[in-house]
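Engineer: Would you mind keeping the following structure in view while I ask a few things?
The values are calculated or read from the model by the stated rules, or taken from the named source; none is laboratory data. Model, not experiment: these values are computed from the prediction. Positions of Cβ are backbone-derived with ideal geometry, glycine not excepted, and every protein chain shown enters the neighbour counts. These area figures cover heavy atoms from the full protein model, side chains too; ligands, DNA and RNA do not enter into them. Shrake-Rupley method; radii C 1.70, N 1.55, O 1.52, S 1.80 Å.
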Amino acid sequence: MLKDQEELYLALIKINENQGLRQTRNLENLDSGLEFSDKNHPFSSDLDLFGAHSLFQLLNHTSSQNGKKSIGGLDQKPFDPESAQSRSRAVLELSQKNEFLDSMEAIGLAFQKDEKPADTWVKWLAKEEKSGVLNLILAFLGPLGGILGLVLVLLGMLPEAVLGIWIIAGVGLLSRVFVPLKEAAASIPSGPTLKSYRLRSRQIERETFTSPALCLEKGIFETTESNISSQLNQLDRLGLWAQNRMNLLYLPINLLFWTDFFFVYPISQLEAKGWFLTWTVTKKS
């Protein structure tokens, strides 16, 4: 907790330093967004949208590659009066929420450490778990059978060979979820990044907006059975287990109690609750 507070304080200091650089137009140390520059754009170069001393350096307060791409792409979109007016009302409202904006940016700077490609997570979330019911049954059968078999063997009521057969059966059954859990471990962002998503989602859930564009965006966070910050918290815990399940201490426990099924089922349930929608929001951070 104290470490998190330190990271947030350092991020706020960095935000204030960058704000001072923008006010004095000392922009050389800020991201120029030069990769978004398009020589064929009709006015990108004339208005210095990207590059040294550019508009991008003044506007960019993002903390992820996906957020940065959203800003860069916005500058290059064709002008639409209706969208511009809607965005203008949203910007006017946000300009009066300095504490909210600072907290959102500070959380991103403090904890946004992971830059896994967005497509990796999106594709993983879009997959359907076809054997969820069977996994649920095995999630309960594994610990029950493992505990019962271990106790009976220790009491001398069953030969040790029975426990060996149980473990061999577990190896065969666990192979069914080895690949899904491996994909989950490779796809789920790191703990700090999920913390960033969770804390910013909570900020949005608690904030009140009046402009149509911001109300529409916040509405996405209210379309699920449980709020998105709670789902992210759950995914963080499951991701930690999925990424550390190859630990040598975990292996014998898994073979005896089939604990992998305890994790693959709730992960599949989170996918079914609309995680693709969650990612669509958080990738714009």
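Engineer: List, please: which pairs have Cβ atoms under 9 Å, are six or more places apart or on different chains, and start with a residue in segment 139-168 that is among the β-branched types (Val, Ile, Thr) and end with one that is exposed (fewer than 15 other Cβ atoms within 10 Å of the Cβ)?
Structural biologist: Final answer for the pair search is 151/157; 153/159; 153/160; 153/162; 162/152; 167/252.
Engineer: Additional query: For residue 62, all conditions in the list (1) over 18 Å from residue 101 (Cβ atoms); (2) of a type outside the set (Asp, Glu); (3) modelled with pLDDT of 80 or more hold save one; what is the number of the exception?
Structural biologist: (1)
Engineer: Could you please give the count of residues in segment 197-211 that are assigned to a helix (DSSP H, G or I) and either touching a residue at least 12 places away in the same chain (Cβ under 8 Å) or under 10 Å from residue 93 (Cβ atoms) (or both)? Let's see the steps before the verdict.
Structural biologist: As a first pass, look at segment 197-211 and keep what is assigned to a helix (DSSP H, G or I): 197-206.
Within this subset, residues satisfying the condition of being either touching a residue at least 12 places away in the same chain (Cβ under 8 Å) or under 10 Å from residue 93 (Cβ atoms) (or both) are 197-205.
Residues meeting the conditions: 9.
Engineer: Here is a list: 47, 10. Which entry is modelled with pLDDT of 80 or more and open to solvent by 30 Å² or more (accessible area, probe 1.4 Å)?
Structural biologist: Working: 47 fails: modelled with pLDDT of 80 or more.
Step by step, each of 47, 10 is checked, and only 10 is modelled with pLDDT of 80 or more and open to solvent by 30 Å² or more (accessible area, probe 1.4 Å).
Residues are listed down the side, and each one gets a yes or a no for (1) crowded, with 17+ Cβ neighbours inside 10 Å; (2) touching a helix residue (DSSP H, G or I) at 6+ places or on another chain (Cβ under 8 Å):
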{"position": "147", "(1), (2)": "no, yes"}
{"position": "151", "(1), (2)": "no, no"}
{"position": "161", "(1), (2)": "no, no"}
{"position": "193", "(1), (2)": "yes, yes"}
{"position": "198", "(1), (2)": "yes, yes"}
{"position": "203", "(1), (2)": "no, yes"}
{"position": "206", "(1), (2)": "no, no"}
{"position": "221", "(1), (2)": "yes, yes"}
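Engineer: Here is a list of conditions, (1) over 26 Å from residue 11 (Cβ atoms); (2) at pLDDT below 90; (3) open to solvent by 40 Å² or more (accessible area, probe 1.4 Å), and residue 74 meets all of them except one; can you say which number that is?
Structural biologist: Going through the list (1) over 26 Å from residue 11 (Cβ atoms); (2) at pLDDT below 90; (3) open to solvent by 40 Å² or more (accessible area, probe 1.4 Å), residue 74 breaks only (1).
Engineer: When you scan segment 150-165, do you find a residue that is closer than 23 Å to residue 243 by Cα, of a type in the set (A, V, I, L, M) and modelled with pLDDT under 90, even just one? Give the derivation first.
Structural biologist: As a first pass, look at segment 150-165 and keep what is closer than 23 Å to residue 243 by Cα: none.
No; the residues of segment 150-165 include none that is closer than 23 Å to residue 243 by Cα, of a type in the set (A, V, I, L, M) and modelled with pLDDT under 90.
Engineer: If residue 184 meets every condition in (1) surrounded by fewer than 20 Cβ atoms within 10 Å (Cβ to Cβ); (2) closer than 29 Å to residue 137 by Cα apart from one, which number is that one?
Structural biologist: Failing condition for residue 184: (1).
Engineer: Mind checking which helices (runs of 4 or more DSSP H) fall wholly inside segment 212-285 and carry at least 3 residues that are over 14 Å from residue 200 (Cβ atoms) and either among the small types (Gly, Ala, Ser) or at pLDDT below 80 (or both)?
Structural biologist: Working: elements: 212-220, 228-244, 250-257, 260-272, 275-282.
So the answer is 228-244, 260-272, 275-282.
Engineer: Same structure, new question: Checking residue 68 against (1) in contact with a helix residue (DSSP H, G or I) (Cβ under 7 Å, 6 or more places away or on another chain); (2) modelled with pLDDT of 80 or more, which single condition isn't satisfied?
Structural biologist: All conditions are met except number (1).
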